[in-house]
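Asks: Here it is: the structure, laid out below.
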Amino acid sequence: MTANMVLIVDDEKQNRDQLKQILNSRYKLAEADSTDKALGMMYRNVRQLAAVIVKLGAVHGNLDGYRVLTQWNQDKIISGIPMIAAVGQFDTQSMSRAMELGVWELLAMPLELQLTYFRVKNVIERRLLRVSDQARQSREYDELTGIYNRKAFLCRTKEMLCRYPRETFAFVHLDIYQFHLVNQFYGMDEADRLLQYIADRLAFLSRESDHFTYGRDRADVFCFCMPYEGKASVMRMIKKVHDEINQYPINHVLMPVFGICTADHTEQQMVAVSDRANLAAKQCKGNYIKNYAFYDYSMTEQLIKEQEIVNAMKKALADEQFQLYIQPKYDLRKNRLAGGEVLVRWHMQGKGMVSPGDFIPVFERNGFITKLDRYVWEHACQSIRKWLDEGKKPFPISVNISRVSLYNKDVADVIHGLVKKYGIDPALLHLELTESAYTGNLEMIKQTMSRLQAYGFCILMDDFGSGYSSLNTLKDIVVDILKIDMNFLLNSEVPGRGENILASVVYMAKCLGMPVIAEGVERESQAAFLRSIGCDYVQGYYFAKPMSLEEYEQLAFGTNI
Ligand code: C2E
Ligand code: CA
Ligand code: CA
């Protein structure tokens, strides 16, 4: 709604009539002859009022013009209305007071027709300009930091790229790794101050180049765009931004992360450029050594691959595209098969086999792993049931429990429910929990594990030695079998060191009464070494690769073995 009403505040009818005569061709007019009426009308018509003209001078009857002005000056609700004071021609004292209180314009009485008309008109137009300026301001600038918001930044950047069509630019995405910790430890106000500080430093650094745009994208994400004169020039700027941010007086190491991609005037969509820089920045999350990454196309390919996985996963489960494979485990002392580990395989429609290394991490991120885990557990139980029904004597097989599944506090009952449903002995279904699963809510995990053990399940600590606190975990958590991946240990640069550690771990496990399985055994020499140090079980390509259920059945129950 455009404000088009002018309120005339004067206790003399004759003055009001005169103003009405000057203004009524153009504006809707309202009148008040007392302070209270004037203020009442102002509060009621804040949005309609284009201006108020108040007469000042000696206080007559019920009108105190100064009171109207003072109230207007002090109360934000009405202070946005343009105020014009009508003052006696020689009353310089009133004029100064009015100016002091911030009136937009003065009218000298007796009023001169034309002049008055234009003065009022100018005030109203000035106000319109101000309103549209404010609207633009709030459309383009970020409220907290006062710098461009995402939309305006992308727009200005696009303009800059087009203005310099011969130049290449570096578009940089900047955010603070684990910014939520600043929020958590120091509170929102401090975090806001930090964001304002970053915006301020970007503004400061922007002066280094004529061609430099910057803005706040969202939350703790800022972007800037500068001329690209080789990677080194970008690195120099990144270092400056990094150092400036770390000057912020806070007792916390701030880790800015930078994703960079190049762009020029041919870019159609700035949003796509920003996505590329964002993707590059994601590569450094959790990487304490490298806090920047330049975008390359493989990152988009990876994203597309992940998206394909996400798009296909639900249908794949319903269509039973996931298959169970089993990798045999062997008893080293008795030299015979001792069971196997169930490993899932995905025959993706139109794509062929996808490796678990590609899809399990994606499922762990989006939570779908809990569904897949359940699917695998259930199918494993079905196989065991089938073998029992066929009169076979199956060895235990183990299934993996992802750490995401472990966060479900009912997981013990879910697994127990499955063995009950298929009427099988829990001892036939071993459970592999990867070592890193034991971080996080340790108390809850301990409870889940003891429930599972009480139900009769045997728990393996998978990938022992791969995490940061393997021994520490072992101190707190009672597992039944230790599973060590040889590859973690034997890649040591010092010959013999990995072997010594392995021997000590096997010895330690023996002292704790825990059998050990070594996985990833690829060579005969490794098998011989494991036997020599008293390792109980082995699993690895040297003995057998993961195989289909039919092949495993042949191996485990076939007449030729
Ligand atoms: P993991 O549980 O540590 O499984 C062992 C991995 O090592 C398997 O890879 C296996 O094929 C591979 N492997 C076996 N022997 C050797 C060897 O001698 N040398 C080498 N280099 N590798 C060997 P796979 O099947 O690709 O599985 C990779 C990971 O995916 C698994 O690691 C596990 O974390 C996850 N995964 C696989 N199947 C499932 C599943 O059904 N559920 C869950 N939650 N995770 C699964
Ligand atoms: Ca495993
Ligand atoms: Ca493993």
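The values are calculated or read from the model by the stated rules, or taken from the named source; none is laboratory data. Just so we're clear, the structure is a prediction, and the values are computed from it rather than from any experiment. Every residue, glycine among them, receives a Cβ derived from its backbone with ideal geometry; neighbour counts consider all protein chains shown. All accessible areas refer to the heavy atoms of the entire protein, side chains included, with ligands and DNA or RNA removed. Shrake-Rupley method; radii C 1.70, N 1.55, O 1.52, S 1.80 Å.
Asks: Is it the case, given these coordinates, that Tyr507 is under 30 Å from His379 (Cα atoms), open to solvent by 70 Å² or more (accessible area, probe 1.4 Å) and either within 16 Å of ligand 2 (Cβ to nearest atom) or among the aromatic types (Phe, Trp, Tyr) (or both)?
Replies: When the stated conditions are applied, Tyr507 does not pass them.
Asks: Looking only at region 524-542, which residues are under 44 Å from the mean Cα position of the chain (by Cα) and either open to solvent by 30 Å² or more (accessible area, probe 1.4 Å) or more than 16 Å from ligand 3 (Cβ to nearest atom) (or both)?
Replies: Once the filter is applied, which keeps residues that are under 44 Å from the mean Cα position of the chain (by Cα) and either open to solvent by 30 Å² or more (accessible area, probe 1.4 Å) or more than 16 Å from ligand 3 (Cβ to nearest atom) (or both), region 524-542 yields Tyr537, Tyr541, Tyr542.
Asks: May I pose another question? Being more than 21 Å from Lys483 (Cβ to Cβ) and either touching a residue at least 12 places away in the same chain (Cβ under 8 Å) or not in a loop (DSSP other than H, G, I, E, B) (or both) is the filter here; which residues of region 525-561 pass it?
Replies: Those that are more than 21 Å from Lys483 (Cβ to Cβ) and either touching a residue at least 12 places away in the same chain (Cβ under 8 Å) or not in a loop (DSSP other than H, G, I, E, B) (or both): Ser548, Leu549, Glu550, Glu551, Glu553, Gln554, Phe557, Ile561.
Asks: So how many residues does region 391-414 have that are touching a residue at least 40 places away in the same chain (Cβ under 8 Å) and assigned to a loop (DSSP other than H, G, I, E, B)?
Replies: 5
Asks: On to the next question. Name the residues in region 129-150 that are of a type in the set (Lys, Arg) and either in contact with a strand residue (DSSP E or B) (Cβ under 9 Å, 6 or more places away or on another chain) or under 17 Å from Ser206 (Cα atoms) (or both), would you?
Replies: Answer for region 129-150, where residues must be of a type in the set (Lys, Arg) and either in contact with a strand residue (DSSP E or B) (Cβ under 9 Å, 6 or more places away or on another chain) or under 17 Å from Ser206 (Cα atoms) (or both): just Arg150.
Asks: Of all strands (runs of 3 or more DSSP E) completely enclosed by region 291-369, which ones contain at least 1 residues that are at pLDDT 95 or above?
Replies: Qualifying strands (runs of 3 or more DSSP E): 292-294, 322-331, 336-348.
Asks: Which of the numbered conditions does Phe457 fail, given that it passes all the others? Conditions: (1) part of a helix (DSSP H, G or I); (2) closer than 22 Å to Glu341 by Cα; (3) away from ligand 3 (no atom under 16 Å from the Cβ).
Replies: (1)
Conditions tested, residue by residue: (1) in contact with a strand residue (DSSP E or B) (Cβ under 8 Å, 6 or more places away or on another chain); (2) closer than 30 Å to Tyr214 by Cα; (3) without any contact (Cβ under 8 Å) to a residue 24 or more places away in the chain; (4) buried (at least 16 other Cβ atoms within 10 Å of the Cβ).
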site: Phe294; (1), (2), (3), (4): yes, yes, no, yes
site: Leu324; (1), (2), (3), (4): yes, no, no, yes
site: Lys334; (1), (2), (3), (4): no, no, yes, no
site: Gly357; (1), (2), (3), (4): no, no, yes, no
site: Phe368; (1), (2), (3), (4): no, no, no, yes
site: Arg374; (1), (2), (3), (4): no, no, no, yes
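Asks: Separate question: Take the residues in region 474-497 that are hydrophobic (A, V, I, L, M, F, W, C) and within 16 Å of ligand 2 (Cβ to nearest atom), then tell me which one is surrounded by the most Cβ atoms within 10 Å (Cβ to Cβ).
Replies: Step by step, filter region 474-497, then rank; the result is Ile484.
Asks: Under the condition of being among the β-branched types (Val, Ile, Thr) and either free of Cβ contacts under 8 Å to residues at least 40 places away in the same chain or not in a helix (DSSP H, G or I) (or both), which residue from region 44-70 is farthest from Arg130 (Cα to Cα)?
Replies: Val59
Asks: From the residues in region 419-465 that are open to solvent by 30 Å² or more (accessible area, probe 1.4 Å) and of a type in the set (Asp, Glu), which one is modelled with the lowest pLDDT?
Replies: Here the answer is Glu443.
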